[in-house]
């Protein structure tokens, strides 16, 4: 396969599945389908009829499941016949993620990426609190002083958090549901973003399609002037959880990016594989 060094880039398309009718006739099996339907519908609040249609269940059955879930905080009723996922669902997700391998396991792969490329290796994770953002949770920069990267405190909480700026942000954004992507596209570009940031929403959307086709993203001075990057998404099974970023000064970025892409993809895959490993096997 020929790897392009064009600005936009990703692995085979990871498609969001649609809710499937429960094979079992049990109410419990149908409840899982209703929960999946709520997670897959665009937007926040959904009508009973839309949930039932996607779940391929009778409205009466769907209503009974939703009402049972409201009592357990799995669902919330926010109006007549209108529902959304509740805090119980979020709590279950947090508990599940808490059982994934932590920084001790991931840091090894960032060190290897740094040593193989000479670049800064960073791990970003997706944060849904207050809208889809990314947060840097681990990095390996060798003996470099973080101040040498040139980012101010304001940049850390603006440019480096936005999913619409930088290869690491777009590598996550490409695999989010459409409603989450629409929310990010509605955000303003951080004023201190680099000169290469993609400001046009259609161009940004087109870049996400290329990322999903190739499995990686390339950034040209998107977050900061004078710094280019390669990023690859990190998955928990089929769900994007973050991205690995390789950052290098523009002056040292080689014309042939294939070795950098290879090492970045490898680090992202190794970290993704960790999420499929039982915690007991990692400790």
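Where a number appears in this text, it was derived from the coordinates with a stated rule and is not lab data. In this text, all values refer to a predicted model and were calculated from it rather than measured experimentally. FYI the Cβ positions are ideal-geometry reconstructions off the backbone, even for glycines, and counts take in every protein chain you see.
Along the Cα-to-Cβ line of residue 128, 7 Å from the Cα, sits a label point; which residues in segment 201-236 have backbone N less than 17 Å from it?
234-236, by backbone N distance to the label point.
Testing the spin-label approximation: label points 7 Å from Cα along Cα→Cβ at residue 255 and residue 202. State their distance in nm.
A separation of 3.3 nm, rounded to one decimal place.
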